[in-house]
Amino acid sequence: MQATDFPMIFRKRYVPDETVALKDDIILSCTKDLMLTKWIALKPRKDIAHGVSAYFINDGIKVSKVYDKNDTIVYWYCDIIRTLHDEEANSIVFEDLLIDVIVHENGRMQIVDVAEAADACEEGIISTDLLLQALRILDTLAAKVYTGEFSRLQAIINEAEAQSSSI
C-alpha cells in the first residue's frame, strides 16, 4: 500500500464525546490487521511529547510506545479499541472503549478507567455489549502481559520505529 492509499484515521472518544481526525499522525504501514503510526501529542503535556503506535485491529488494542520531550520512554500505553472501517470513504475510526492498560518499563501493569467505563455504561453512553467486549479484550491483553507475550507486541513497534528512523 502506498502512502497516498492510506486511509484517513480518526479517534472517537466517548468521554468526552469527540471524534478527532488524526491528520498529523504519520502512517508507517497499514494492512487490514495492523496499522503503525508515529505521532506528536495532540495537546501539549509535560509528561508526553510523542510516540509510536500499533493498532492491532483484530485484537482490539492499540499499543503506544510513549516518549517525553527528552525522548525517554515514559511507558507503554494500551487502549482498548473497536475499529470501524469505511472503505468507500477510505477512512478508519478507532473507537476508544475507555479501559486502558499502562505497562511500565519495569513490567508493572496498571489497569485504568474501568470505573469510567462502568459509569459510561450505566449512563447509556456505551452499550453493555461494548463494555463486555472491552472487558474481554482487557482480559486477553492482561494475559499477554502476565505471560510475557506482550514483548512480541513491543517488538513489532520497536522494529517499525527503527525502520522509520533509518529512512
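A short reminder: the numbers here are calculations on the coordinates, not readings from a lab. Worth saying up front: this structure is predicted, and the values here are computed from it rather than measured. With ideal geometry, Cβ positions are generated from the backbone for all residues, glycine too; neighbour counts draw on all protein chains shown.
Max-minus-min Cα coordinates of segment 56-151 on each principal axis give 36, 33, 27 Å, with the largest extent listed first. Cα centroids of segment 11-77 and segment 124-167: 12 Å apart. In terms of packing, defined here as the mean over residues of other Cβ atoms within 10 angstrom, the peptides 31-42, 70-81 line up highest first as 70-81, 31-42. As a proxy for reagent exposure, ranking ASP113, ASP5 by other Cβ atoms within 10 Å from fewest up yields ASP5, ASP113. Under 18 Å of direct C-alpha separation, and excluding same-chain neighbours fewer than eight residues apart, LYS23 reaches these aspartates and glutamates: ASP5, ASP86, GLU87, GLU95, ASP96. Computed from phi, the 3J(HN,Hα) profile of segment 28-44 under the Karplus parametrisation 6.51, -1.76, 1.60 (θ = phi - 60°) reads 7, 7, 8, 10, 5, 9, 8, 10, 10, 9, 10, 8, 10, 3, 4, 10, x Hz, with x in place of Gly and Pro. Among the listed values [x] 50, 35, 28; [y] 48, 43, 31; [z] 64, 36, 31, the one matching Cα extents along the principal axes in Å as calculated from this structure is [y].
When only Cα pairs below 8 angstrom with a gap of at least 6 residues are kept, the chain shows a relative contact order of 17 percent. Peptide packing for 49-60, 101-112, 137-148 was compared via the average number of neighbouring C-beta atoms within 10 Å per residue; ordered from the highest value, the list is 49-60, 137-148, 101-112.
Taking loop as defined by DSSP and a crowding limit of 16 other beta carbons within 10 Å, which GluC sites (Glu not before Pro) in segment 19-104 fit?
GLU87, GLU88
Restriction of the trypsin sites (Lys or Arg not before Pro) in segment 40-74 to DSSP coil positions whose beta-carbon has at most 14 other beta-carbons within 10 angstrom yields ARG45, LYS46, LYS69. Put a dot 7 Å past the Cα of VAL20, heading toward its Cβ, do the same for ARG45, and the two dots end up 0.9 nm apart. Across the cross-link table entries LYS65/LYS144; LYS38/LYS69; LYS46/LYS69; LYS12/LYS62; LYS12/LYS43; LYS12/LYS46, which are compared at the Cα atoms, the separations over 18 Å belong to LYS12/LYS46.
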